[in-house]
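**Student:** Here you go, one structure.
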Amino acid sequence: MLVDLIDVRRAIDNDELEPCFQPVVELHTGLLAGFEVLARWKHPQHGLVLPENFISLAEENGMIGLLMQRILRKAFLSTPVLPAPLELSVNVSPAQLHDLSLPSQISKLAEEGGFPLERLSVEITESGLINNLERVKKIVRKLKNMGCKLDLDDFGTGYSSLRYLQAIPFDVLKIDRSFVISMTDKRESRKIVAAIIGLGHSLDLITVAEGVETEEQAEMLLRLDCKMGQGWLYGRPLPAGRIPQMVETEPWMRPASYSMDGNDGTVSSLEALPAQRLSQLQAIYDGAPVGLCFLDCNLRYVSINQRLADMSGAPVAAYLGRKVEEMVPQVFPAVEQYLRRALKGEAIHGVEFFRPANDPGERGATNLLSYQPALDEAGEVIGVSVVVTDITERKRAEDALRESEEHLRRMVDLNPEIPWAMDSEGNNLDVNSRWAELTGLTKEQTHNLGWLAVLHPEDAEGTMKKLREELRAGKPIDIEYRVKSVDRGWRWMRLRGTPSTESSGKIVRWYGSVEDIEDRKRMEEALRKNRA
Ligand code: C2E
Ligand code: CA
Ligand code: CA
């Protein structure tokens, strides 16, 4: 669109400039926080003309101050419809930052409209600060004394100098639309947005993302802990007449996962200051009973906790920034493949690893390792989190148990007696495998009363009867009977057992053994015969 200087002058004289109001929303709650005032020109022929067509013309021709006055007067006059604590932000051109009367102009206009200066933010861009810092400082001091807040607009696009952040007491950092728009598909933009938000947190500045058009962007900004959002997702700039309607609108977005409900007055982890959150995490990290470290994509230590540092025997500081390969060369070949898989996005848990001793005299350790890829806001792997659990003691206990079980089994096997267990009804639950070798019955066949099948027909009934009596009486069992052996014919056996009771005295099990007494029986028989 072609407009010329005469047009702009006429627009100002004829009062054709109008303020429009664009909502600024708190991302966590979706609640309206205020509006940015944006200039529009109601052109008699061209309709609504955007600032890009007339602002620079006004700036270059010394009319921007007048233009601002026209816009702000109307803006403040329409603010009775703006309930507290909603705020207004207004744009000031770099050219206006040469004018020391700017603060008094603003306060006069706000006073006329009855708008409290504590709810007003003045937006300036970095270009206004170049070669003009001392004058801006004076203007800013006045504005701050009046109660106004100060926003650094379009951050990242101008001559972003950290010096300005240090020199001027800004309250708000507005992240330029160009980064926000591309942040969901452009890695660099996302990293820049994340860095600006981080910078804002460190300097205690409120961050406002401009140009939020999609829910995906809003969601990502929320995850990056950006405080405010402004953009078409929440609303376009609209004339003053539409303010009541915008104020009444329901909160924009309240993702369930970020709900801040709960009226117990406690500060949720999301509200906590990042520094506070970091120290909470650091405490967990340091106090964890397992070794923890975080490695970047080049397998360098970004962090390591004391526990893991101790396992390898070097101080924490020695690891930071160094490669795993370099710090634990004896371990690296075994863990490398898992680290590489995790860097491709795979989570791997419970990998056992024997770590050789650091000193020749010592014993090695058994570790259980888990590898978890760490993802950024867009799901890109940015490193691996490794958890190392020392299971040496458990391993030793398990080995010791296995050894003692083996020992016991050998003792049982060498013992001529065959151990068994019965329930309180006399059903066989278990019998040593030598019973199977002796009788040819499988373990399953011996279950319950199955073992009676190999008893001599003359002994079976008597044995059953006696067993029942003894079970009932709860007295120790002692019965003799003959059993058909696989290779040595009928053999006399002696079954003995004692009850095992629970605390109430109730019998829960019987334990005992069967002993081959054939040879003894024969000897006794022979003795008897000799005597006779
Ligand atoms: P700005 O201060 O960065 O204002 C934000 C601009 O982004 C506005 O453009 C707004 O309409 C636009 N915008 C907001 N949300 C979205 C979105 O989701 N998508 C897209 N594509 N755009 C969005 P607008 O109103 O055309 O203003 C352009 C610039 O003109 C402003 O940029 C500001 O630098 C200047 N300006 C506007 N009003 C005034 C004023 O009263 N005084 C001065 N000095 N400058 C003004
Ligand atoms: Ca602005
Ligand atoms: Ca801006």
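**Student:** Could you count how many residues in the range 258-299 are of a type outside the set (D, E, K, R) and either at pLDDT below 85 or on the phi > 0 side of the Ramachandran plot (or both)?
**Tutor:** The number of residues fulfilling the criteria is 25.
**Student:** Among the residues of the range 169-205, count how many are assigned to a helix (DSSP H, G or I) and of a type in the set (D, E, K, R).
**Tutor:** Going through the range 169-205 one residue at a time, the tally reaches 5.
**Student:** Of all residues in the range 63-85, how many are part of a loop (DSSP other than H, G, I, E, B) and within 13 Å of ligand 1 (Cβ to nearest atom)?
**Tutor:** Quick first cut of the range 63-85, residues part of a loop (DSSP other than H, G, I, E, B) only: 63, 78, 82-85.
In the following step, the residues that additionally are within 13 Å of ligand 1 (Cβ to nearest atom) were identified as 63.
Total satisfying the criteria: 1.
**Student:** Here's a follow-up. Filtering the range 190-230 down to residues that are within 16 Å of ligand 3 (Cβ to nearest atom), over 21 Å from VAL122 (Cβ atoms) and not hydrophobic (A, V, I, L, M, F, W, C), which residue is surrounded by the most Cβ atoms within 10 Å (Cβ to Cβ)?
**Tutor:** GLN217
**Student:** Within the group GLY200, GLY156, which residue is more than 26 Å from the chain's Cα centre (by Cα) and in the same structural domain as VAL122 (by TED's automatic domain parsing)? Reasoning before the result, please.
**Tutor:** Details: GLY200 fails: more than 26 Å from the chain's Cα centre (by Cα).
None of the other options fit; the residue is GLY156.
**Student:** Counting just the residues of the range 155-188 that are of a type in the set (Ser, Thr, Tyr) and more than 17 Å from GLU215 (Cα to Cα), which one comes out nearest to ligand 1 (Cβ to nearest atom)?
**Tutor:** Only one residue fits best here, namely THR157.
**Student:** Would you check if LEU233 is near ligand 1 (Cβ under 10 Å from one of its atoms) and not in a helix (DSSP H, G or I)?
**Tutor:** In short, yes.
**Student:** Determine which member of the set VAL386, VAL335, VAL324 is surrounded by 15 or more Cβ atoms within 10 Å (Cβ to Cβ) and touching a Cys at 6+ places or on another chain (Cβ under 6 Å).
**Tutor:** VAL386 is the lone residue from the list that is surrounded by 15 or more Cβ atoms within 10 Å (Cβ to Cβ) and touching a Cys at 6+ places or on another chain (Cβ under 6 Å).
**Student:** If you check ARG119 against the conditions, is it free of Cβ contacts under 8 Å to residues at least 40 places away in the same chain, under 25 Å from ALA209 (Cα atoms) and away from ligand 2 (no atom under 16 Å from the Cβ)?
**Tutor:** Criteria not met by ARG119.
**Student:** So which of GLY198, GLY158 is small (Gly, Ala, Ser), within 16 Å of ligand 2 (Cβ to nearest atom), at pLDDT below 95 and at negative phi?
**Tutor:** Working: GLY198 fails: within 16 Å of ligand 2 (Cβ to nearest atom).
The conditions single out GLY158.
The values are calculated or read from the model by the stated rules, or taken from the named source; none is laboratory data. Small disclaimer: the values here were computed from a predicted structure and weren't measured. Cβ coordinates were reconstructed from backbone atoms using ideal geometry, including for glycine residues, and neighbour counts include every protein chain displayed.
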